[in-house]
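Structure first, commentary second.
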Amino acid sequence: MAALDGGDDGLTAYREIARETQRLLSPDGAAFWELGIGQAGDVSRLAQAVGLRVVGVAEDLAGIARVLKIKREI
């Protein structure tokens, strides 16, 4: 097993995940993306840039955003 390489800004994998989520997600479906510390804002903007929207955020016990719930824009 290998970890995803995030590239220089740590977001390379999320760019591909965003494009594929937009392409594959059914209109009524939802995707859940796990986040690293401090990535919620940048990853949310990537999602919005491809026509997705963040409809929920789950935080860990320390209050750090760890999961985004993503849906397609209608």
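The values are calculated or read from the model by the stated rules, or taken from the named source; none is laboratory data. None of the values given here were measured: they were computed from a predicted structure. Note: ideal-geometry Cβ built from the backbone for every residue, glycine included; neighbour counts use all protein chains shown.
Below are the figures for this structure:
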{"item": "Residue match in segment 58-74 (condition: assigned to a strand (DSSP E or B) and β-branched (Val, Ile, Thr))", "result": "yes"}
{"item": "Filter pass, GLY63 being at pLDDT 95 or above and on the phi > 0 side of the Ramachandran plot", "result": "yes"}
{"item": "Residue, surrounded by the fewest Cβ atoms within 10 Å (Cβ to Cβ), within segment 15-57, restricted to residues that are part of a strand (DSSP E or B) and free of Cβ contacts under 8 Å to residues at least 24 places away in the same chain", "result": "GLY56"}
{"item": "Within segment 61-72, considering residues that are farther than 14 Å from LEU11 by Cβ and surrounded by 11 or more Cβ atoms within 10 Å (Cβ to Cβ), the one farthest from the chain's Cα centre (by Cα)", "result": "ILE64"}
{"item": "Count - residues of segment 25-74 that are in contact with a strand residue (DSSP E or B) (Cβ under 7 Å, 6 or more places away or on another chain) and among the acidic types (Asp, Glu)", "result": "4"}
